[in-house]
Amino acid sequence: MEYTLIANGTVVNQMRSFPGYVFYGGDTILAVGEGDYHSGGDRPHPDVVIDATGMLVIPGVIDDQVHFREPGLTEKGDIASESAAAAAGGVTSFMEMPNTRPATTSQREWEWKMERADKTSAVNYAFYLGADNGNIDAIRRLDPRRICGVKVFMGSSTGNMLVDDRKALSAIFAESPVLIATHCEYEPLIRENTAKYRAKYGEDIAPAMHPLIRSAEACYRSSAAAVELADRYGTHLHVLHLSTARELALFDTKPLGDKKITAEVCVHHLWFDDGDYATRGNLIKWNPAIKTREDRDALREGLLNGRLDIVATDHAPHTMDEKSQGYWQCPSGAPFVQHSLPVMLELARQGVLSVEQAVDKMCHAPAQRFRVAGRGYLREGYKADITIVDPGARYTVGKENILYKCGWSPIEGTELTHKVVRTIVNGRTVWDGKRVVARSAEALVFDR
């Protein structure tokens with residue numbers, strides 16, 4: 001076994017920051033402490049020393065919502081390309097969504113993704129099973145230790161995955177053996193808004209109309225319905241990518257461990273507001289839409305007061321040709337997994353939250369909410385999933401440093417002050433600050 005010491009860094013873990021070290025052997029953390037590491041007795045001498053002077057040493061990020069587009073949409077991205085981008089962003093584990101082609105709505109399709117990730121992913125992986133109106137039997141048979149959750153598109157259609165049958169929806173909420181993650185937008189209102197704005201503007205409509213079409217009211221109606229169902233059936237519910245101030249009232253501020261209903265916010269809803277459509281246009285067209293400055297600021301406050309539990313990306317690449325189309329033809333979604341941690345640390349530099357809070361929401365909270373075994377913290381006996389960040393390495397996001405297969409980012413031209421200089425997955429350096437140098441992927445296991 002090779003022993004590695006990360007020395008002289010600022011360790012950020014469990015809401016504390018301190019000068020210290022992380023010592024690991026093979027794929028397992030053996031010691032975390034303040035000050036200097038001293039070998040001797042039952043403490044082995046390190047074979048490798050990584051000098052982290054001036055650096056932040058944090059647990060690897062766990063992103064609970066990504067779309068890596070494989071199978072069927074691999075012109076946009078695939079598990080190999082997007083997991084490499086994840087590694088470059090300090091993300092050591094991801095949970096991938098089911099709206100691929102074919103959709104991941106059966107055990108067979110889920111197993112295909114698991115096998116594919118085992119062969120091609122650079123970092124740890126898990127996959128959701130998608131719900132539809134007719135697969136409750138497949139949901140009942142799920143193994144809670146192997147699958148992160150069931151994804152339900154409530155009132156917002158993605159392919160054939162819209163669950164709009166009330167009886168089917170009730171059965172899913174009542175009987176799922178794993179957490180349910182929901183995309184909440186009320187489709188009838190969106191259709192009504194779409195007809196109104198198409199009649200008014202025709203094809204000549206600006207992207208700035210997106211948050212009016214996919215409105216705050218559409219988000220609230222659907223999120224409220226999901227919470228009501230979860231309350232009725234005692235469901236473990238996780239509402240994805242909240243985008244409005246009003247929705248926050250649906251969630252409470254109890255400690256995460258005391259909650260059965262939780263909420264996620266995505267980095268782009270914390271970074272952008274509707275004033276950015278003027279310069280970014282369709283590049284920041286997401287569902288749910290980026291909304292007002294007031295909504296953005298309320299979401300930031302929701303992180304601090306505990307109504308929002310997890311920060312993720314909803315990483316969803318499309319080709320530039322697709323995003324260059326007119327508003328009605330342009331698909332929603334954008335890549336973000338390579339830049340989520342640097343952007344959150346930039347928000348910390350700006351005083352929006354603390355570095356410790358960013359680490360809590362991106363590393364600890366996903367591990368706790370999904371009950372990921374042995375990851376998400378720098379703890380003795382946990383897997384050596386570790387990210388080292390230089391907080392003073394200014395760089396500008398551009399084509400030359402983007403790893404996404406689609407080749408673009410919604411934050412191109414933005415200067416960031418925090419750079420991931422090393423990503424360690426299961427004790428092996430996968431990203432060395434310049435390139436992906438290895439794969440070290442394992443399937444996530446869940447303590448359920």
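The values are calculated or read from the model by the stated rules, or taken from the named source; none is laboratory data. Since the model is a prediction, treat every value here as computed from it, not as a measurement. Counting neighbours? That spans all protein chains shown, and the Cβs are built from the backbone with ideal geometry, glycine included. Side chains included, ligands, DNA and RNA excluded: accessible areas come from the protein's heavy atoms. Shrake-Rupley method; radii C 1.70, N 1.55, O 1.52, S 1.80 Å.
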Residue pairs qualifying under the 7 Å Cβ cut-off, at least six apart or on distinct chains, with the first in the stretch 313-332 being over 26 Å from ALA263 (Cβ atoms) and the second being outside any loop (DSSP other than H, G, I, E, B) and basic (Lys, Arg), are CYS330/LYS323
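Can you go through ASP165, ASP143 and tell me which one is over 26 Å from ALA365 (Cβ atoms) and without any contact (Cβ under 8 Å) to a residue 60 or more places away in the chain?
Details: ASP143 fails: over 26 Å from ALA365 (Cβ atoms).
Only one candidate qualifies: ASP165.
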Can you spot a residue in the stretch 145-154 that is within 30 Å of GLY374 (Cβ to Cβ) and either over 19 Å from the mean Cα position of the chain (by Cα) or open to solvent by 20 Å² or more (accessible area, probe 1.4 Å) (or both)? yes
Since GLY407 meets every condition but one in (1) touching a helix residue (DSSP H, G or I) at 6+ places or on another chain (Cβ under 7 Å); (2) under 23 Å from LEU240 (Cα atoms); (3) surrounded by fewer than 19 Cβ atoms within 10 Å (Cβ to Cβ); (4) not aliphatic (A, V, I, L, M), which condition does it not meet? (2)
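Could you say whether any residue in the stretch 197-207 is in contact with a strand residue (DSSP E or B) (Cβ under 8 Å, 6 or more places away or on another chain), buried (at least 20 other Cβ atoms within 10 Å of the Cβ) and at pLDDT 95 or above?
Step one: filter the stretch 197-207 for residues in contact with a strand residue (DSSP E or B) (Cβ under 8 Å, 6 or more places away or on another chain), giving none.
No.
I'd like to verify a number: residues in the stretch 382-394 that are of a type in the set (Gly, Ala, Ser) and more than 13 Å from GLY427 (Cβ to Cβ), how many?
Total satisfying the criteria: 2.
Would you confirm whether any residue within the stretch 234-247 is under 30 Å from ALA367 (Cα atoms) and assigned to a helix (DSSP H, G or I)? Spell out the reasoning first.
Here is the first cut: in the stretch 234-247, the ones under 30 Å from ALA367 (Cα atoms) are 234-247.
Within this subset, residues satisfying the condition of being assigned to a helix (DSSP H, G or I) are 246-247.
So far as the stretch 234-247 goes, yes, one or more of its residues are under 30 Å from ALA367 (Cα atoms) and assigned to a helix (DSSP H, G or I).
Do we find that ASP390 is modelled with pLDDT of 95 or more, under 19 Å from ALA52 (Cα atoms), surrounded by 16 or more Cβ atoms within 10 Å (Cβ to Cβ) and more than 20 Å from the chain's Cα centre (by Cα) in this structure?
Answer is yes for this residue.
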Which members of the stretch 260-297 meet the condition of being in a helix (DSSP H, G or I) and among the hydrophobic types (A, V, I, L, M, F, W, C)? VAL267, LEU270, TRP271, ALA278, LEU283, ILE284
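Please verify whether ALA373 is aliphatic (A, V, I, L, M), under 18 Å from ILE6 (Cβ atoms) and open to solvent by less than 40 Å² (accessible area, probe 1.4 Å), treating the condition exactly as stated. Outline the logic, then answer.
Values: aliphatic (A, V, I, L, M): yes; under 18 Å from ILE6 (Cβ atoms): no; open to solvent by less than 40 Å² (accessible area, probe 1.4 Å): yes.
Judged against the criteria, ALA373 is not a match.
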Among the listed residues LEU248, LEU237, LEU229, identify the single one that is modelled with pLDDT of 95 or more and in contact with a strand residue (DSSP E or B) (Cβ under 6 Å, 6 or more places away or on another chain). LEU237
Only one of (1) crowded, with 16+ Cβ neighbours inside 10 Å; (2) within 29 Å of ARG145 (Cβ to Cβ); (3) over 20 Å from the mean Cα position of the chain (by Cα) fails for HIS67. Which number is that? (3)
By residue number, the members of the stretch 1-19 that are under 19 Å from HIS364 (Cα atoms) and touching a residue at least 24 places away in the same chain (Cβ under 8 Å) are THR10, VAL11, VAL12, ASN13, GLN14, MET15, ARG16, SER17
Filtering the stretch 193-217 for residues that are farther than 18 Å from TYR277 by Cβ and among the aliphatic types (A, V, I, L, M) leaves a count of 2
